[in-house]
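Okay, structure first, notes after.
Read-outs: derived from the displayed coordinates by stated rules, not from any lab. Keep in mind it's a predicted model, so treat the numbers as computed, not measured. Methodologically, a virtual Cβ is constructed for each residue, glycine included, from the backbone with ideal geometry; neighbour enumeration extends over all protein chains shown.
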Amino acid sequence: MLILGIESSCDETAAAVVEDGRRVRSSVVAGQHEIHEEYGGVVPELASRAHAERITGVITRAIDEAGCGLGDLDAVAVGHRPGLIGALLVGVSAAKALAWSLGVPLVGVDHLRAHLWAGLLDTEVELGDVFPALGLVISGGHTAMFRCESPTQLVRLGGTIDDAVGEAYDKAAAILGLGHPGGPTIDRLAQEENANDRAVELPVSRLGRESLDFSFSGLKTALLYEVRGVPGPGGVFERTSDALNDERRRDLAASFQRVASKAVVLKMERALDAIGDTPRSILVGGGVSANSRIRRESLVLAEKHNLKLILPEMRFCVDNAAMIAGLGHYRLAMGEQDDLTLRASPSMSPATSGC
Ligand code: KG4
Ligand code: ZN
């Protein structure tokens, strides 16, 4: 069964063709970093416009690269929540138009759940060996942990009370005078030879003794004060980030990365203790699952608990449409589908948000 996936929730316009939920026949991602870079973050209105300009070309390329035609598609899946509403509407409208004109089912897919499917793409691992799982979504917009009974049944265990971890990475990069998005750059600097990850002691947020929530704003502020000094009267800083030399920048990046990774892995460990020994695997997804240190430390944790670790291939960590098509296939196989009343929604589904 061939499914076309469409993703436009934030600043990536993406389309993919996936066979039977797993085999990725094509995955096209058109990023918009160059559009948002000068603003230091995603500008929603510019994102929607760029999606509208690119979506048709991206879908056409995905179909071509998959070596099929529109008539070969069995369904269209689309990420319809959560995300920027104007951005989501572009993908949802395109998906509705295609599904209606081709006369094939339309399936709406939750973006967070799809990130947890990403690690299953291009693998043959049996779902029975994966679920129940501890799921962790770490991205620019989200940081949350779930007990996953199945790919679509999630119980939220905790989430960030302030910044998402990717957002903290991006802000830390801005503090260090690096470009946007900063996660990959900090990760690269932190891996340089001679990088000292103990150059400064930054705080690891633990929150309450048993808390499964995350907090990254204190870490970000500690880094800011380290770089620019504690602000004096009127909030004026002692210095700018221009005072940093390359070695110091590298060491601060490494110190930040050590603590960010520790804060994430610590909560995964707590969650495993809290939910007992029922999970079969740890599923990690989202842009920050590309991080070298989090990947390495998650593996150590999984081995310690004798669990399978499912991490996405690098190209499926950040937003993509293959994960949307994959989870769309699963929903269809479960007998679930949507109709043309499918709505784009900026918020998470109640189960995912814990509301
Ligand atoms: O999943 P994603 O593409 O978008 C959201 O759904 O938010 O994640 C993007 C985020 C950005 O914050 C980016 O800096 C971060 O993922 N990121 C990384 C790495 N690669 C991407 N953060 C840390 N280390 C990386 N290697
Ligand atoms: Zn995402």
Compactness ratio of the chain: Cα Rg over 2.2 N^0.38 Å, N = residue count?
1.00
Which FRET efficiency value, to the nearest 0.05, do you get for L46 and V236 by plugging their Cβ-Cβ distance into 1/(1 + (r/R0)^6) with R0 = 45 Å?
0.90
Zone residues, the stretch 16-35, relative to A333, backbone N less than 18 Å from point 7 Å out along Cα-to-Cβ:
17-26
Only bridges whose two residues both fall in the stretch 129-312 count here: according to DSSP, what percent of them are antiparallel, nearest 5?
55
Determine Rg/Rh for the stretch 256-309; Rg is computed over alpha-carbon atoms and Rh is the Kirkwood hydrodynamic estimate from the same atoms.
0.95
When the label point is put 7 Å from the Cα of L127 along its Cα-to-beta-carbon vector, which residues of the stretch 294-335 have a backbone N closer than 16 Å?
323-335
Enter the angle in degrees (range 0 to 90, nearest 10) between the Cα long axis of helix 322-333 and the first principal axis of the Cα atoms of the chain, meaning the one along which they spread out most.
50
May I ask for the distance between the Cα centers of the stretch 322-341 and the stretch 264-315, given as a whole number of Å?
26
Projected onto their principal axes, the Cα atoms of the stretch 40-89 stretch, largest extent first, over whole-Å spans of 39, 19, 15
Relative to the chain, whose Cα atoms define the longest principal axis, helix 246-274 and its Cα axis are tilted in degrees, nearest 10, by 60
Can you give me the Cα centroid spacing of the stretch 129-187 and the stretch 1-70 in angstrom?
21
Could you quote the convex hull projected area for the stretch 175-326, Cα atoms only and averaged over all directions, in nm²?
11.3
By the C-alpha gyration tensor axes a ≥ b ≥ c (rounded if a/c is under 1.5, else prolate when a/b exceeds b/c, else oblate), the shape of the stretch 36-173 is oblate
Rounding to the nearest 10 and keeping the result within 0 to 90°, find how far the Cα-based axis of helix 165-175 lies from the longest principal axis of the chain.
50
Among beta bridges assigned by DSSP with both residues in the chain, the antiparallel ones amount in percent, to the nearest 5, to 60
Under 24 Å from the Cα of K262 - lysines, other chains or at least 8 residues apart
K171, K220, K304, K308
